[in-house]
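The values are calculated or read from the model by the stated rules, or taken from the named source; none is laboratory data. Owing to the predicted nature of the structure, the values given are computational and were not obtained by experimental measurement. Because the Cβ atoms are built from the backbone with ideal geometry, glycine has one as well, and the counts that use them run over all protein chains shown. SASA here: full protein model, heavy atoms, side chains in, ligands and nucleic acids out. Shrake-Rupley method; radii C 1.70, N 1.55, O 1.52, S 1.80 Å.
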Amino acid sequence: MSAEVAPWSATAADPGLDRLCVDTIRVLSIDAVQQARSGHPGLPMAMAPVAYALYTRFLRHDPADPEWPDRDRFILSAGHGSMLLYSILHLAGYDVPLSEIRRFRQWGSRTPGHPEHGLTPGVETTTGPLGQGFANGIGMALAERFLRERFGPEVVDHRVFALCSDGDLMEGVTAEAASLAGHLRLGRLVYLYDDNGITIDGETSLSFATEDVEGRFRAYGWHTTSVDDANDVAAVSAAIEEAILEEDRPSLIRVRSVIGYPAPNKQGTAAAHGAPLGEEEVRATKAALGWDPDAAFVVPDPVRRLFAAARNRAQLAHRLWGERFERWSRTNRQLAGEWARAWNGECEPGLATAIPAFDPAKTARLATRAAGAEVMAAAAPYLPTMIGGSADLVESTKTTLPERGSFNRRRAGANVHWGVREHAMGAAVNGLALHGGIVKPYGSTFLVFSDYMRPAIRLSALMGLPVVWVFTHDSVAVGEDGPTHQPVEHYAALRAIPGLTVIRPADANETAEAWRVAIERKRGPVCLLLTRQDLPVLDPGFVRDGVARGGYVLHDSPDRLDVVLVASGSEVSVALEARDRLADDGFGARVVSMPSWELFEDQDEPYRRAVLPLHVPSVSVEAGVRQGWSRFVDASVSIERFGASAPGVEVMEYLGISASQVAGAARKLIGDHHAAVVPA
Ligand SMILES: Cc1ncc(C[n+]2csc(CCOP(=O)(O)OP(=O)(O)O)c2C)c(N)n1
Ligand SMILES: [Mg+2]
């Protein structure tokens, strides 16, 4: 069944009607770009035949149910060609009416400049940053294989198609992702490469043309073919069919095209890439195609009829799947329950009580990365479709799903070895989430290397994907490896990303609660920042639901409150020590643990005020730049420089992250405050 090609493949075509359909995509696209006075006409014009062949002959999808779990996925990785996608989605029967095509790139439209997941039905992922879509598809293919192995080929049996451009193939993330896909033999990938010899700066002879792209992909372990002329719908179809039948290796089809074809003056030039053709050139193009230059947004009746027929065939595949699914559900009741929960983003019942608490009497000190490992092991049985892994640092980040095996060529285990490919890991984890059915996808590395995957983290937030990023070695306390491995600006950099929930737990018990938040969250990414070094274990009774609220009073000073010390992660224990020193001097200090700004800011004003009272001076303590802390506190103990190579304890001390520094800063603040309130 898996190698079966759609029964409506290449042979039955009517070249004249094909041409009319292809030209309809072209004309819709250039009309929309022209009306918007902005956009990218060149790619949609040139690649219209490819999208046409794919959507009418091969793609198993259902425009009436864009979320059908077993649909084929299509990714327009070259997101600048968004009008190609909107035109084909409109014609295929998705809820993208002509009125939305006319509002291309306008406020509130379903047709934004670059495709956005969650906004437009039929858009599988947000693309635009070149290379991301390419690598998202690798994650989708991993998900497909994993779920096929778990639930069976009766219910999981689909492919990932993508269209990518020169820019996509030049990006490093693509190289990382392609290398992994070739290694793992992800044979359900069918990627079409728009080889047009043009990028924004001009011809690819400037920067790329020497590269043998097919040769490179063959070296990665891909199957490659080429088509000499994108306009040859039969040849394009034959190449797609061949690629579908090749199940052993991922496929790259190089399609030679002329950007902006058939605009008489602009085709084949960079001028067709990213600006409207202009009224005159639009008219000339329509004339060249034999269309009425005075008419716009026209869809001829025979085109509507052809797409309606294609839609019926596509929906038939969905109906047949539905029947198989019914039978399968009846005979696999337990798996069917798991399936429903997985596609709903839920874990198995019982997780809530399975998450461990750590008793300080038994374990006095534990690194939060080690606590994380225990929590993952305890939670794993309740997360049967969890997949993820580390970028060659699994020994260090301690993120594994015990007894669930490795994902390799032969077996889709839950532990993916991403290799030293942080950026592709990020984009592929996004792809796992976009695919659906995977609860929870995650990726991990050292916090300092989150920089290598920031574009993917940003997109996880932009798309609201329920993924987990686990970053360990979260401060200068990593020590000897030195400043290259010691994050200082990273907390601020991650908190700057809207929609990303950053949690930096103070101990093992906060780590358990942080994982709970991450697992239970159905929307939006959560980032866990964990330590390499051991930290004192706090009383789990004190931690309670504090982590879920982002910040809470860990230790109060009920009789006398002079200052509030607000700390995150490993600095919470520093603040606790400082509190004792202040108490020795007769000052009352409250210690607030603030593992997550975002969760704290979600709390109502009375709660936030109860934790951080308005008229009590406050000091933050965190082993990183102070940027942003002023929204909560009056002063900061922070690190405003890069770290240094030395034992971690010494680095912390030298850089001022110590109880004495904190107590000193607090004393000064109390003095200043007093001076301001009670003038001398
Ligand atoms: C990561 C990233 N860098 C830069 C850009 C800006 N950009 C958009 S398209 C493009 C290159 C255009 O060339 P190609 O990918 O071959 O597309 P074509 O013009 O052939 O359609 C660039 C640099 C981007 N979208 N993403
Ligand atoms: Mg190009």
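Some notes on this structure:
- Across the range 289-305, the qualifying residues are those that are open to solvent by less than 40 Å² (accessible area, probe 1.4 Å) and outside any loop (DSSP other than H, G, I, E, B), and the one among them that is nearest to ligand 1 (Cβ to nearest atom) is 289.
- Only one of the numbered conditions (1) open to solvent by less than 10 Å² (accessible area, probe 1.4 Å); (2) over 21 Å from residue 256 (Cβ atoms); (3) within 16 Å of ligand 1 (Cβ to nearest atom) is not met by residue 175, and that is (1).
- Evaluation of residue 461 against the conditions (1) under 21 Å from residue 423 (Cα atoms); (2) over 15 Å from the mean Cα position of the chain (by Cα) shows that the sole unmet condition is (2).
- Boolean, residue 167 is surrounded by fewer than 24 Cβ atoms within 10 Å (Cβ to Cβ), within 16 Å of ligand 1 (Cβ to nearest atom) and under 30 Å from residue 143 (Cβ atoms): yes
- Flag for residue 497 being outside any helix (DSSP H, G or I) and either aliphatic (A, V, I, L, M) or crowded, with 24+ Cβ neighbours inside 10 Å (or both): yes
- In this structure, residue 135 does satisfy being under 30 Å from residue 272 (Cβ atoms), away from ligand 2 (no atom under 16 Å from the Cβ) and touching a helix residue (DSSP H, G or I) at 6+ places or on another chain (Cβ under 9 Å).
Yes/no matrix, rows are residues, columns are (1) of a type in the set (D, E, K, R); (2) over 27 Å from residue 200 (Cβ atoms):
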| position | (1), (2) |
| --- | --- |
| 86 | no, no |
| 99 | no, yes |
| 106 | no, no |
| 111 | no, no |
| 116 | yes, no |
| 121 | no, yes |
| 135 | no, no |
| 145 | yes, yes |
| 148 | yes, yes |
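- The set of residues in the range 366-379 that are assigned to a helix (DSSP H, G or I), open to solvent by less than 10 Å² (accessible area, probe 1.4 Å) and small (Gly, Ala, Ser) comprises 371, 372, 379.
Residues are listed down the side, and each one gets a yes or a no for (1) open to solvent by 10 Å² or more (accessible area, probe 1.4 Å); (2) in contact with a Leu (Cβ under 8 Å, 6 or more places away or on another chain); (3) in contact (Cβ under 8 Å) with a residue 60 or more places away in the chain:
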position	(1), (2), (3)
51	no, yes, yes
57	yes, no, yes
106	yes, no, yes
115	no, yes, no
124	yes, yes, yes
137	no, yes, yes
141	no, yes, yes
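- Odd one out for residue 603 among (1) under 26 Å from residue 558 (Cβ atoms); (2) open to solvent by 30 Å² or more (accessible area, probe 1.4 Å); (3) out of contact with any Lys or Arg (no Cβ under 7 Å at 6 or more places or on another chain): (3)
- For residue 199: the one exception among (1) polar (S, T, N, Q); (2) within 16 Å of ligand 1 (Cβ to nearest atom); (3) open to solvent by less than 10 Å² (accessible area, probe 1.4 Å): (3)
- When the criteria are applied in full, residue 422 meets the requirement of being of a type in the set (D, E, K, R) and under 22 Å from residue 146 (Cα atoms).
- Condition met for residue 258 (in contact with a Leu (Cβ under 9 Å, 6 or more places away or on another chain) and of a type in the set (A, V, I, L, M, F, W, C)): no
- Residue check: residue 249 meets all listed conditions (1) open to solvent by less than 50 Å² (accessible area, probe 1.4 Å); (2) in contact with a His (Cβ under 7 Å, 6 or more places away or on another chain) but one, namely (1).
- Within the range 265-288, the residues that satisfy the criterion of being within 14 Å of residue 26 (Cα to Cα), more than 16 Å from ligand 1 (Cβ to nearest atom) and either open to solvent by 40 Å² or more (accessible area, probe 1.4 Å) or touching a Pro at 6+ places or on another chain (Cβ under 7 Å) (or both) are 283, 284, 285, 286, 287, 288.
- Residue in the range 202-214 that is farthest from ligand 1 (Cβ to nearest atom), counting only those that are within 25 Å of residue 452 (Cα to Cα) and surrounded by fewer than 18 Cβ atoms within 10 Å (Cβ to Cβ): 211
- Entry remark, the range 30-48: residues being within 12 Å of ligand 1 (Cβ to nearest atom), part of a helix (DSSP H, G or I) and either within 12 Å of residue 85 (Cα to Cα) or in contact with a helix residue (DSSP H, G or I) (Cβ under 7 Å, 6 or more places away or on another chain) (or both) number 5 in total.
- When the helices (runs of 4 or more DSSP H) confined to the range 568-680 are screened for residues that are more than 23 Å from residue 493 (Cα to Cα), those reaching at least 3 such residues are found at 571-584, 605-611, 648-654, 659-677.
- If you check 209, 178 for being more than 15 Å from ligand 2 (Cβ to nearest atom) and of a type in the set (A, V, I, L, M), only one passes: 178.
- Residue, nearest to the chain's Cα centre (by Cα), within the range 178-195, restricted to residues that are of a type outside the set (D, E, K, R) and open to solvent by 20 Å² or more (accessible area, probe 1.4 Å): 179
- Residue within the range 65-81 that is away from ligand 2 (no atom under 16 Å from the Cβ), modelled with pLDDT of 95 or more, in a helix (DSSP H, G or I) and of a type in the set (A, V, I, L, M) present: no
- Selection from the range 14-34 of residues that are surrounded by fewer than 24 Cβ atoms within 10 Å (Cβ to Cβ) and more than 12 Å from residue 296 (Cα to Cα): 14, 15, 16, 17, 18, 19, 20, 22, 23
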